[in-house]
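The values are calculated or read from the model by the stated rules, or taken from the named source; none is laboratory data. Because the structure is predicted, anything quoted here is derived from the model rather than measured. Ideal geometry is used to build each Cβ from the backbone, glycine not excepted, and the neighbour counts take in all protein chains shown.
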Amino acid sequence: MEYLVAVVLFAVTSSATPGPNNLMVMTSGLNFGVKKSLPLLTGICVGFFVMLLVVGLGFGQLFDRFPDLHFWIKCVGTIYLLYLAWLIARSGDISDSAGESRPLTFMKGALFQWVNAKAWVVATGAIAAFTSTGGDFYSQHFIICVTFLFVSFPGVGIWLLFGSLIRKVLSTSKYRIGFNYFMALLLALSVVPVLQDIFHSIAIRQ
(Lines give C-alpha, C1' and ligand atoms only; values in the text may rest on other atoms or scores of the structure.)
Protein backbone atom coordinates (compact mmCIF):
# COMPACT_ATOMS: atom_id res chain seq x y z
CA MET A 1 0.00 0.00 0.00
CA GLU A 2 2.81 2.40 0.90
CA TYR A 3 4.47 1.60 -2.43
CA LEU A 4 1.32 2.50 -4.38
CA VAL A 5 0.84 5.73 -2.42
CA ALA A 6 4.43 6.74 -3.18
CA VAL A 7 3.97 6.07 -6.91
CA VAL A 8 0.69 8.01 -6.98
CA LEU A 9 2.25 11.00 -5.20
CA PHE A 10 5.16 11.01 -7.64
CA ALA A 11 2.77 10.78 -10.59
CA VAL A 12 0.58 13.61 -9.28
CA THR A 13 3.58 15.86 -8.67
CA SER A 14 5.11 15.12 -12.07
CA SER A 15 1.87 15.55 -14.00
CA ALA A 16 0.52 18.67 -12.31
CA THR A 17 3.70 20.76 -12.10
CA PRO A 18 4.50 23.26 -14.89
CA GLY A 19 6.07 21.89 -18.02
CA PRO A 20 5.80 21.92 -21.83
CA ASN A 21 2.79 19.55 -21.82
CA ASN A 22 0.79 21.68 -19.41
CA LEU A 23 1.65 24.93 -21.18
CA MET A 24 0.41 23.51 -24.49
CA VAL A 25 -2.80 22.20 -22.94
CA MET A 26 -3.54 25.45 -21.13
CA THR A 27 -3.01 27.48 -24.29
CA SER A 28 -5.23 25.11 -26.25
CA GLY A 29 -7.94 25.43 -23.61
CA LEU A 30 -7.78 29.20 -23.90
CA ASN A 31 -8.02 29.28 -27.69
CA PHE A 32 -10.30 26.36 -28.45
CA GLY A 33 -12.08 25.35 -25.25
CA VAL A 34 -12.14 22.04 -23.39
CA LYS A 35 -13.98 19.86 -25.91
CA LYS A 36 -11.77 20.63 -28.91
CA SER A 37 -8.62 20.27 -26.79
CA LEU A 38 -9.47 16.79 -25.49
CA PRO A 39 -7.60 15.02 -28.35
CA LEU A 40 -4.41 16.87 -27.38
CA LEU A 41 -4.91 16.02 -23.70
CA THR A 42 -5.54 12.37 -24.54
CA GLY A 43 -2.52 12.25 -26.85
CA ILE A 44 -0.24 13.58 -24.11
CA CYS A 45 -1.48 11.12 -21.49
CA VAL A 46 -1.57 8.05 -23.75
CA GLY A 47 1.70 9.03 -25.42
CA PHE A 48 3.51 9.25 -22.11
CA PHE A 49 2.01 5.91 -21.02
CA VAL A 50 3.41 4.25 -24.16
CA MET A 51 6.75 5.98 -23.72
CA LEU A 52 6.98 4.89 -20.08
CA LEU A 53 6.06 1.35 -21.05
CA VAL A 54 8.69 1.13 -23.79
CA VAL A 55 11.44 2.77 -21.73
CA GLY A 56 10.81 0.34 -18.88
CA LEU A 57 11.06 -2.62 -21.24
CA GLY A 58 14.62 -1.76 -22.11
CA PHE A 59 14.58 1.12 -24.60
CA GLY A 60 16.66 3.15 -22.17
CA GLN A 61 19.50 0.64 -22.56
CA LEU A 62 20.01 1.95 -26.08
CA PHE A 63 21.49 5.10 -24.56
CA ASP A 64 24.20 3.01 -22.92
CA ARG A 65 25.10 1.36 -26.21
CA PHE A 66 24.62 4.44 -28.38
CA PRO A 67 25.42 7.58 -26.33
CA ASP A 68 25.02 9.81 -29.41
CA LEU A 69 21.36 8.81 -29.65
CA HIS A 70 20.54 10.83 -26.56
CA PHE A 71 22.31 13.87 -27.99
CA TRP A 72 20.37 13.72 -31.26
CA ILE A 73 17.07 13.24 -29.45
CA LYS A 74 17.83 16.43 -27.54
CA CYS A 75 18.54 18.29 -30.77
CA VAL A 76 15.40 17.07 -32.51
CA GLY A 77 13.35 17.68 -29.37
CA THR A 78 14.57 21.25 -29.09
CA ILE A 79 13.69 22.01 -32.72
CA TYR A 80 10.27 20.39 -32.37
CA LEU A 81 9.49 22.22 -29.14
CA LEU A 82 10.43 25.56 -30.73
CA TYR A 83 8.17 24.63 -33.65
CA LEU A 84 5.30 24.05 -31.21
CA ALA A 85 6.06 27.39 -29.56
CA TRP A 86 5.77 29.00 -33.00
CA LEU A 87 2.41 27.27 -33.56
CA ILE A 88 1.16 28.53 -30.20
CA ALA A 89 2.27 32.07 -30.99
CA ARG A 90 0.34 31.93 -34.29
CA SER A 91 -2.84 30.46 -32.79
CA GLY A 92 -5.26 33.35 -32.59
CA ASP A 93 -8.82 33.53 -31.35
CA ILE A 94 -10.81 30.76 -33.00
CA SER A 95 -13.70 33.11 -33.65
CA ASP A 96 -11.44 35.41 -35.68
CA SER A 97 -9.54 32.78 -37.62
CA ALA A 98 -12.20 31.88 -40.20
CA GLY A 99 -11.76 28.21 -39.29
CA GLU A 100 -8.06 28.16 -40.16
CA SER A 101 -6.73 27.86 -36.65
CA ARG A 102 -6.92 24.36 -35.20
CA PRO A 103 -5.87 22.81 -31.90
CA LEU A 104 -2.90 20.44 -31.81
CA THR A 105 -3.91 16.88 -32.59
CA PHE A 106 -3.78 13.62 -30.62
CA MET A 107 -0.77 12.47 -32.62
CA LYS A 108 1.18 15.69 -32.03
CA GLY A 109 0.61 15.38 -28.29
CA ALA A 110 1.64 11.72 -28.28
CA LEU A 111 4.75 12.12 -30.42
CA PHE A 112 5.87 15.16 -28.46
CA GLN A 113 6.54 12.96 -25.42
CA TRP A 114 9.50 11.37 -27.18
CA VAL A 115 11.24 14.73 -27.57
CA ASN A 116 10.06 16.27 -24.30
CA ALA A 117 13.01 16.58 -21.92
CA LYS A 118 10.77 16.61 -18.84
CA ALA A 119 9.00 13.45 -20.00
CA TRP A 120 12.33 11.63 -20.29
CA VAL A 121 13.41 12.76 -16.83
CA VAL A 122 10.11 11.68 -15.28
CA ALA A 123 10.03 8.33 -17.12
CA THR A 124 13.58 7.31 -16.28
CA GLY A 125 13.27 8.69 -12.74
CA ALA A 126 10.06 6.76 -12.05
CA ILE A 127 11.51 3.48 -13.28
CA ALA A 128 14.76 3.98 -11.38
CA ALA A 129 13.05 4.96 -8.13
CA PHE A 130 10.12 2.54 -8.01
CA THR A 131 11.43 -0.69 -9.50
CA SER A 132 13.89 -3.25 -8.22
CA THR A 133 15.76 -6.02 -9.97
CA GLY A 134 14.19 -9.41 -9.58
CA GLY A 135 10.93 -11.18 -10.27
CA ASP A 136 8.75 -8.22 -9.28
CA PHE A 137 10.18 -5.79 -11.85
CA TYR A 138 7.50 -6.27 -14.50
CA SER A 139 4.62 -6.05 -12.04
CA GLN A 140 6.14 -2.90 -10.55
CA HIS A 141 6.65 -1.47 -14.02
CA PHE A 142 3.02 -2.21 -14.92
CA ILE A 143 1.79 -0.49 -11.74
CA ILE A 144 3.86 2.60 -12.55
CA CYS A 145 2.56 2.81 -16.13
CA VAL A 146 -1.10 2.36 -15.20
CA THR A 147 -0.80 4.83 -12.32
CA PHE A 148 0.61 7.51 -14.60
CA LEU A 149 -2.07 6.81 -17.21
CA PHE A 150 -4.89 7.47 -14.75
CA VAL A 151 -3.22 10.25 -12.76
CA SER A 152 -2.02 12.25 -15.78
CA PHE A 153 -5.55 12.88 -17.07
CA PRO A 154 -6.67 14.96 -14.05
CA GLY A 155 -3.13 16.27 -13.48
CA VAL A 156 -2.78 17.70 -16.97
CA GLY A 157 -6.53 18.27 -17.28
CA ILE A 158 -6.40 20.87 -14.52
CA TRP A 159 -4.31 23.04 -16.82
CA LEU A 160 -6.84 22.58 -19.62
CA LEU A 161 -9.65 23.74 -17.34
CA PHE A 162 -7.52 26.65 -16.18
CA GLY A 163 -6.97 27.72 -19.79
CA SER A 164 -10.70 27.47 -20.44
CA LEU A 165 -11.41 29.69 -17.43
CA ILE A 166 -8.88 32.26 -18.62
CA ARG A 167 -10.74 32.24 -21.95
CA LYS A 168 -13.70 33.85 -20.19
CA VAL A 169 -11.49 36.54 -18.64
CA LEU A 170 -9.52 37.34 -21.79
CA SER A 171 -12.60 38.20 -23.78
CA THR A 172 -10.93 40.03 -26.67
CA SER A 173 -8.65 38.75 -29.42
CA LYS A 174 -5.99 41.28 -28.48
CA TYR A 175 -5.62 39.85 -24.97
CA ARG A 176 -5.69 36.26 -26.18
CA ILE A 177 -3.03 36.89 -28.80
CA GLY A 178 -0.87 38.50 -26.12
CA PHE A 179 -1.40 35.46 -23.90
CA ASN A 180 -0.42 33.15 -26.77
CA TYR A 181 2.82 35.02 -27.31
CA PHE A 182 3.56 34.89 -23.59
CA MET A 183 2.94 31.11 -23.44
CA ALA A 184 5.03 30.61 -26.58
CA LEU A 185 7.85 32.54 -24.94
CA LEU A 186 7.65 30.43 -21.78
CA LEU A 187 7.69 27.25 -23.86
CA ALA A 188 10.72 28.49 -25.81
CA LEU A 189 12.50 29.45 -22.59
CA SER A 190 11.96 25.93 -21.24
CA VAL A 191 14.49 24.63 -23.79
CA VAL A 192 17.27 26.98 -22.64
CA PRO A 193 18.77 24.41 -20.21
CA VAL A 194 18.63 21.78 -22.96
CA LEU A 195 20.35 24.16 -25.39
CA GLN A 196 23.07 24.80 -22.84
CA ASP A 197 23.57 21.06 -22.46
CA ILE A 198 23.72 20.63 -26.24
CA PHE A 199 26.34 23.37 -26.65
CA HIS A 200 28.31 21.87 -23.76
CA SER A 201 28.26 18.46 -25.46
CA ILE A 202 29.42 20.02 -28.75
CA ALA A 203 32.25 21.81 -26.96
CA ILE A 204 33.42 18.56 -25.39
CA ARG A 205 33.37 16.77 -28.75
CA GLN A 206 35.62 19.40 -30.36
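Hey, can you tell me all the residues within the range 147-164 that are hydrophobic (A, V, I, L, M, F, W, C) and in contact (Cβ under 8 Å) with a residue 60 or more places away in the chain? Scanning the range 147-164 gives Phe148, Leu149, Val151, Phe153, Val156, Ile158, Trp159, Leu160, Leu161, Phe162.
Each residue in the range 121-135 was checked for being under 13 Å from Asn21 (Cβ atoms) and modelled with pLDDT of 80 or more, and 2 of them qualify. Listed here are the helices (runs of 4 or more DSSP H) enclosed by the range 1-120 that have at least 1 residues being at pLDDT 75 or above and over 27 Å from Ser164 (Cα atoms): 2-16, 20-54, 67-90.
Answer yes if at least one residue in the range 163-172 is out of contact with any His (no Cβ under 7 Å at 6 or more places or on another chain), at pLDDT below 75 and of a type in the set (S, T, N, Q), and no otherwise. For the range 163-172, residues out of contact with any His (no Cβ under 7 Å at 6 or more places or on another chain), at pLDDT below 75 and of a type in the set (S, T, N, Q): present. Could you please find all residues in the range 121-171 being of a type in the set (Phe, Trp, Tyr) and more than 18 Å from the chain's Cα centre (by Cα)? Within the range 121-171, Phe130, Phe137, Tyr138, Phe142 meet the criteria.
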